[in-house]
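The values are calculated or read from the model by the stated rules, or taken from the named source; none is laboratory data. All of these numbers come straight from a predicted model, not from anything done at the bench. Because the Cβ atoms are built from the backbone with ideal geometry, glycine has one as well, and the counts that use them run over all protein chains shown.
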Amino acid sequence: AVRATSTTAHSSHGTNNIVVVTINYRLGANGFLDLPGLSARGGGNYGLLDQQAALRWTQRNIAAFGGDPGRVTLSGESAGGQSVCALMASPPARGLFDRAIMQSGGCPSLTSAQATARGKSYATAAGCGDSAAAVSCLRAKRPDELLAAGRDFGGILNGPLPVSGVPELPVAPGVAVRSGRFTDVPLLIGTNRDEIRKWALPFAHATKEQYERVVGQQFGPHADGVLARYPYGARDRPYSAAYPLGALWTDSSVFYGMGGCQYQRLADQFAARQPRTYFYEFGDRNPPSHGPTQPGFAAGAAHAAELPYLWPSMSPGPLTPEQRKLSRAMMRYWGAFVRDGSPATHRQAPWPSYRHAKLMSLLPGDRSRAVNSGAYEARHQCGFWNGIDYDWLTTDPMYLAQRAGVSAR
């Protein structure tokens with residue numbers, strides 16, 4: 001389903017004369033399940049194909065809503081940002097959009113073999129372990145049975161991802177970006193300063209020994225270096241482990257490349273090919289509470305914290321006067337980018353291309369300004385992280401905490 005509307009004053013673009021198109025696409029197993037025999041074309045990118053169908057609809061129909069088919073901006077946050085990267089890497093999507101916005105979403109994907117293995121695990125969980133009959137068995141299941149089987153197919157770190165090695169995604173999106181095989185359009189890309197912190201909440205009440213064991217298991221020979229830079233915070237009880245773990249997970253980008261140093265490298269790779277690449281870091285560390293939290297826990301500028309500033313109707317609480325200034329500034333920046341392919345405005349701090357090694361630091365009040373990339377690198381300790389090898393995290397934090405024996409209180 002596709003919905004196009006002129007925006008209201010409650011949305012981020014209500015004062016920017018922009019038509020917003022929102023879409024529905026298949027999610028979870030319905031959108032990304034890969035099983036032999038499920039489709040003659042193979043793959044598992046049904047959600048991605050839905051998005052491309054919506055973009056084609058937009059090209060055909062947006063003029064009837066007052067829009068310009070020659071100035072279509074593709075925008076997404078979190079998993080939506082991952083979809084933006086996948087669509088930029090997808091040959092069939094070329095020519096369907098003219099700018100792109102990636103907020104807190106990297107470029108992860110699965111190979112066909114990995115996706116098929118996940119699909120078989122899902123089928124087994126649904127009681128359809130016979131490979132030859134798995135597809136017909138799944139089609140006979142009730143929706144609630146499919147949802148129950150998908151509990152392990154939709155977590156933070158084991159959820160569905162685009163599948164590469166198929167016609168709509170011949171190479172992995174990350175490889176496409178590094179090699180320049182992506183739709184080369186102006187790009188606004190950014191992250192939040194404390195991107196992953198709130199996902200460390202399951203480690204509230206973790207002991208020093210439990211924290212150090214988890215770090216050791218994840219980073220192996222580099223664990224001592226990690227712990228030296230992110231020590232257990234005895235003064236931050238009961239979040240003595242959650243705060244340093246959230247910081248090191250952010251800085252190391254182990255959640256699908258979101259946040260921190262790998263996300264900066266992703267912006268570097270885009271900017272090497274596209275001069276109109278604009279990088280930002282959202283830095284309001286006291287936003288309205290967004291998502292689950294616990295008493296006394298400061299989530300900071302966490303994942304999705306920037307959304308109420310662009311879409312005030314989404315705010316879980318009122319913005320302060322200084323935050324409203326930031327909100328208005330962000331709306332103007334985003335609106336200018338959608339209109340012109342550049343966030344340049346005459347009423348606020350200039351936002352240079354990331355080609356100049358400068359990014360926009362988005363802060364409350366009138367404090368937003370362009371800063372050197374070196375400041376970002378120092379804040380996230382990129383000199384350390386860029387010098388070691390490590391893998392992305394593949395187990396959801398809740399299960400990690402359970403395995404470590406952290407008590408839930």
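Taking the condition of being touching a Phe, Trp or Tyr at 6+ places or on another chain (Cβ under 9 Å), part of a loop (DSSP other than H, G, I, E, B) and polar (S, T, N, Q), how many residues in the stretch 17-53 meet it? Total meeting the criteria: 2. Among the residues in the stretch 248-264, are any small (Gly, Ala, Ser), surrounded by fewer than 24 Cβ atoms within 10 Å (Cβ to Cβ), in a helix (DSSP H, G or I) and on the phi < 0 side of the Ramachandran plot? Checked against the condition, which is being small (Gly, Ala, Ser), surrounded by fewer than 24 Cβ atoms within 10 Å (Cβ to Cβ), in a helix (DSSP H, G or I) and on the phi < 0 side of the Ramachandran plot, the stretch 248-264 yields no hits at all.
For the stretch 41-49, the count of residues that are at pLDDT 95 or above and among the hydrophobic types (A, V, I, L, M, F, W, C) is nonzero. Hey, could you check the stretch 273-306 for residues that are of a type in the set (A, V, I, L, M, F, W, C) and surrounded by fewer than 20 Cβ atoms within 10 Å (Cβ to Cβ) and say which is farthest from the chain's Cα centre (by Cα)? Looking at the filtered set, the residue picked out is Ala298.
This table checks each residue for (1) at pLDDT 95 or above; (2) surrounded by 15 or more Cβ atoms within 10 Å (Cβ to Cβ); (3) closer than 21 Å to His380 by Cβ.
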site: Thr191; (1), (2), (3): yes, yes, yes
site: Asp194; (1), (2), (3): yes, yes, yes
site: Ala200; (1), (2), (3): yes, yes, yes
site: Glu209; (1), (2), (3): yes, no, no
site: Phe219; (1), (2), (3): yes, yes, yes
site: Ala223; (1), (2), (3): yes, yes, yes
site: Val226; (1), (2), (3): yes, yes, yes
site: Arg237; (1), (2), (3): no, no, no
site: Ala241; (1), (2), (3): yes, yes, yes
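Of the residues making up the stretch 29-65, those that are closer than 30 Å to Gly335 by Cα and touching a strand residue (DSSP E or B) at 6+ places or on another chain (Cβ under 6 Å) are Ala54, Trp57, Thr58, Phe65.
State all residues of the stretch 66-100 that are under 18 Å from the mean Cα position of the chain (by Cα), among the hydrophobic types (A, V, I, L, M, F, W, C) and either in a strand (DSSP E or B) or under 15 Å from Thr183 (Cα atoms) (or both); if no residue qualifies, say none. Answer for the stretch 66-100, where residues must be under 18 Å from the mean Cα position of the chain (by Cα), among the hydrophobic types (A, V, I, L, M, F, W, C) and either in a strand (DSSP E or B) or under 15 Å from Thr183 (Cα atoms) (or both): Leu74, Val84, Cys85, Ala86, Leu87, Met88, Ala89, Ala100. Provide a single number: the residues in the stretch 50-86 that are farther than 19 Å from Val166 by Cβ and polar (S, T, N, Q). Result for the stretch 50-86: 6.
The criterion of at least 2 residues that are free of Cβ contacts under 8 Å to residues at least 24 places away in the same chain and of a type in the set (Lys, Arg) is met, among helices (runs of 4 or more DSSP H) falling completely within the stretch 302-409, by 321-340. One residue is enough: does the stretch 101-121 have a residue meeting the conditions surrounded by 22 or more Cβ atoms within 10 Å (Cβ to Cβ), within 19 Å of Val19 (Cα to Cα) and among the small types (Gly, Ala, Ser)? Checking the stretch 101-121: not a single residue is surrounded by 22 or more Cβ atoms within 10 Å (Cβ to Cβ), within 19 Å of Val19 (Cα to Cα) and among the small types (Gly, Ala, Ser).
Close contacts from the stretch 210-224, counting a first residue that is within 14 Å of Phe384 (Cβ to Cβ) and a second that is outside any helix (DSSP H, G or I) and of a type in the set (A, V, I, L, M, F, W, C), with Cβ to Cβ under 7 Å and a gap of 6+ residues or different chains, come to His222/Ile388.
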